[in-house]
Amino acid sequence: MLTIRIIPCLDVDKGRVVKGIRFRDLKIAGDPVELAKYYNDSGADELVFLDVTASVEGRKTMARIVEKVARNVFIPFCVGGGIRTIEDMRNLLNAGADKVAICTAALENPGLIEEGASLFGSQCIVVSIDAKRVKNTWHCFTHGGRFDSGVDVVNWAKKCEKLGAGEILLNSIDKDGTQTGYDIELNLRVSSIVRIPVIASGGAGNLEQIYRVIKHGRADAVLLASVLHYKKFTIERIKKYLKKMGVCVRW
C-alpha cells in the first residue's frame with residue numbers, strides 16, 4: 001500500500017502567506033518562514049510554496065524567501081509561481097527547493113517539462129494544473145486562474161506524464177478555499193489516466209473529505225491550506241484519523 005502524503009501549502013503574495021476563495025479575495029494568513037517551520041515540526045510530509053501572483057505580474061518567484069524557508073525545513077520542499085525558464089528552475093533548486101512546480105509556462109511551452117526532467121530528473125518536475133469545470137469537462141486555466149487556455153485537463157495531464165513530469169498538482173478552482181470538499185470526480189478522472197502521483201488540492205474542510213479524495217478520488221497526496229493555517233485541525237489529527245480509516249500514512 002502506498003503511503004499517503006499530507007502537504008501544507010503556502011500561497012505567498014508580496015512576502016506573506018495568503019488564502020482566498022476560488023483564487024480571489026486573498027487575505028493574509030501568516031509569515032511563510034514561521035509557518036514553514038511550524039509545519040516541518042508538526043509532521044508534514046512535504047511543503048509546497050506557491051508565489052500566487054508571480055505569473056500574472058510577470059515577475060520571478062521570490063528566491064530570497066525561498067532560501068529562508070529552505071533553511072528552516074528538512075522535508076521535501078516544492079516551489080512554484082512565475083517559473084518560465086530552465087534558468088528559473090536552476091535558481092530555485094539552488095536556493096533550496098527540492099522540486100519546482102510549473103503551470104502557465106508549461107502550457108505555453110510544453111518542451112519546458114521535457115527539458116527540465118532531462119536536466120534535473122522527473123522527480124524535480126511537478127506540473128501544477130489549475131482546473132475549472134467547463135460544461136462536462138475541465139479546462140486548464142493560466143496566470144493564477146485568470147485565463148481559460150481551452151486545454152482539456154485530463155488530456156493535458158496525460159501529456160505531462162509523457163513529457164517527463166514526476167507529479168501532477170491538481171488544483172480545483174471551483175473548490176479552492178470553499179471547505180466544501182475536494183472535486184472527487186476531477187481527481188478520479190486524472191488519477192485513472194496517469195501513473196505518476198496526483199496531489200489533490202482545493203476544498204478540504206473536514207477529515208472525512210480528506211479521506212474521500214484518497215479513497216474515492218484515488219489521490220496520492222492531499223494539499224491543505226486554510227484548515228491548517230487557521231488551526232481547524234492539526235496534521236497529527238489528520239494522520240490519526242486516516243490511520244483509523246485504514247489509510248497508510250507516514251509517522
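Bear in mind these aren't lab numbers, they're just calculated from the coordinates by the rules spelled out. Small disclaimer: the values here were computed from a predicted structure and weren't measured. Cβ coordinates were reconstructed from backbone atoms using ideal geometry, including for glycine residues, and neighbour counts include every protein chain displayed.
A few notes on this one:
- Between Arg146 and Thr3, the modelled labels are 4.0 nm apart [label points 7 Å from Cα along Cα→Cβ].
- Per-pair calculated FRET efficiency, R0 = 22 Å: Thr180 and Lys215 via Cβ, rounded to 0.05: 0.80
- Residues whose amide H falls under 5 Å from that of Trp138, counting only those 5 or more places apart or on a different chain, are Val153, Val154, with hydrogens built in the peptide plane.
- Taking amide H atoms as placed 1.01 Å from N in the peptide plane, the amide H of Val247 has no partner under 5 Å among residues 5 or more positions away or on other chains.
- Counting only Cα atoms, segment 180-251 measures 34, 23, 17 Å along its principal axes, largest extent leading.
- Amide H to amide H distances under 5 Å link His143 with Thr104, where only residues 5 or more positions off or on other chains count and H is placed in the peptide plane.
- Kirkwood Rh (inverse of mean 1/r, distinct Cα pairs), the chain, angstrom: 17.6 Å
- Taking 0.36 nm per residue of separation and subtracting the Cα-Cα distance, full extension of the segment from Met245 to Arg90 would add 51.8 nm.
- The phi torsions of segment 99-110, fed into the Karplus equation with coefficients 6.51, -1.76 and 1.60 and a -60° offset, translate into couplings of 9, 10, 10, 10, 10, 4, 5, 5, 5, 6, 9, x Hz, rounded to whole numbers, with Gly and Pro shown as x.
- Whole-angstrom gap from segment 172-251 to segment 94-143, using each part's C-alpha centre: 20 Å
- Reach of Lys232 by Cα under 14 Å, taken over aspartates and glutamates that are not fewer than 8 positions away in the same chain: Glu208
- In order along segment 129-140, the phi-based Karplus estimate (6.51 cos²θ - 1.76 cosθ + 1.60, θ = phi - 60°) of 3J(HN,Hα) comes to 10, 8, 9, 9, 5, 10, 6, 9, 9, 10, 10, 7 Hz; Gly and Pro are listed as x.
- Net charge dipole, the chain: roughly 700 debye, given to the nearest 20, about the Cα centre with Cβ charges of +1 for Lys and Arg and -1 for Asp and Glu.
- Relative contact order for segment 5-244, counting Cα pairs under 8 Å that sit 6 or more residues apart, in percent: 17 percent
- Antiparallel content of DSSP bridges confined to the chain, in %, to 5: 30 percent
- 3J(HN,Hα) along segment 36-49, derived from phi through the Karplus expression 6.51 cos²θ - 1.76 cosθ + 1.60 where θ = phi - 60°, amounts to 4, 5, 4, 5, 4, 7, 9, x, 4, 7, 8, 9, 10, 10 Hz, with x in place of Gly and Pro.
- Cβ crowding within 10 Å averaged over residues, with 170-177, 210-217 ranked highest first: 170-177, 210-217
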